[in-house]
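The values are calculated or read from the model by the stated rules, or taken from the named source; none is laboratory data. It should be emphasised that the depicted structure is a prediction, and the values quoted were computed from it without experimental measurement. Methodologically, a virtual Cβ is constructed for each residue, glycine included, from the backbone with ideal geometry; neighbour enumeration extends over all protein chains shown.
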Amino acid sequence: MTSATNPATDLTPFPDHTQLPESDGTFVKNFQEHPQSILLTDSIKPILEKRHPDGQYCIGQDSGIYWRMTDPPEKGAAAPDWFYVGNVPPTLEGQTRRSYVLWREFIAPLIVLEFVSGDGREERDKTPWKGKFWIYEQVIRPPFYGIYEVNKASVEVYELIGGEYQLLTANERGHYPIHSLEVELGIWQGQYQNMELPWLRWWDLQGNLLLTGEERAEQEHQRAEQERRRAERLAAQLRSLGIEPDA
């Protein structure tokens, strides 16, 4: 006697992040890309921790976003240099994410950033089903898409409006507000990890640069040093008046 089939279990399920390739075999184009991603992640962490006190968010750095099934599977993925997704767990069943699979989670990234290594044509390619710009605009659909060119010291930021990306105009500080994150995105000329370059960075909506953990520690050290010197000057002034300062 043949047992009845169960459509719910007999159908082949769509693969998850553990069953899909985590790389297409390419590599980072230059030495600046990984530090740039770390800089973005490190400096925005306090904002995201405030926004997600439950820790439910993830950041991808040169990681795949699977958006359709193809053969081979990696042809159905886009791999932004940096992206942020809110309201999803940072790990899945205790495992580190190998990729972000849209058909498993459905929530699009809020912002996707590409770092240009060539002439920028790849990042602006609107060829249906192939071009990065088209895939982000028509399928993955993050509300914001940024194209950063370190060699031109520039960033273009697009917002998804009416189903199409519209190029935003910078504010008076030359930044692009991302109001849902309460931050601005722009170019900062300075030294990071021993390289003096025009880096892509975050500011708050009042125009204050969001600092990395190392920068925050250095700022606190400088404040403590200034306080120590102020206390020493005050003590010296008191002694000159014949007053012994309290220990």
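Please note which helices (runs of 4 or more DSSP H) are completely contained in segment 26-136 and include at least 3 residues that are at pLDDT 95 or above and surrounded by fewer than 17 Cβ atoms within 10 Å (Cβ to Cβ). Don't jump to the end; show me each part of the working.
Details: elements: 33-51, 102-105, 132-135.
Those helices (runs of 4 or more DSSP H) span 33-51.
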Could you say whether any residue in segment 210-228 is surrounded by 13 or more Cβ atoms within 10 Å (Cβ to Cβ) and assigned to a strand (DSSP E or B)?
no
Can you confirm whether S240 is of a type outside the set (V, I, T) and not assigned by TED's automatic domain parsing to the domain that holds G64?
yes
Screening I135, I187, I243 for residues that are touching a Ser or Thr at 6+ places or on another chain (Cβ under 7 Å) and either more than 14 Å from L40 (Cβ to Cβ) or not hydroxyl-bearing (S, T, Y) (or both) leaves only I187
Result of the Cβ filter at 7 Å on segment 211-231, keeping first residues that are under 21 Å from L200 (Cα atoms) and partners that are outside any helix (DSSP H, G or I) and at pLDDT 85 or above, at least 6 apart or interchain, is Q219/L211
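Take the conditions out of contact with any strand residue (DSSP E or B) (no Cβ under 6 Å at 6 or more places or on another chain), crowded, with 18+ Cβ neighbours inside 10 Å and within 27 Å of A79 (Cβ to Cβ) and apply them to G146. Does it pass? Can you show your working first?
Values: out of contact with any strand residue (DSSP E or B) (no Cβ under 6 Å at 6 or more places or on another chain): no; crowded, with 18+ Cβ neighbours inside 10 Å: yes; within 27 Å of A79 (Cβ to Cβ): yes.
Taking the combined requirement at face value, the residue does not satisfy it.
Could you tell me whether Y136 is touching a residue at least 24 places away in the same chain (Cβ under 8 Å) and closer than 27 Å to H52 by Cα?
On the way: touching a residue at least 24 places away in the same chain (Cβ under 8 Å): yes; closer than 27 Å to H52 by Cα: yes.
So Y136 passes the test.
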Out of (1) in contact (Cβ under 8 Å) with a residue 40 or more places away in the chain; (2) under 14 Å from the mean Cα position of the chain (by Cα), the one P73 does not meet is (2)
inquiry  = Looking at the structure I just gave you, is Q191 assigned to a loop (DSSP other than H, G, I, E, B) and free of Cβ contacts under 8 Å to residues at least 24 places away in the same chain?
reply    = no
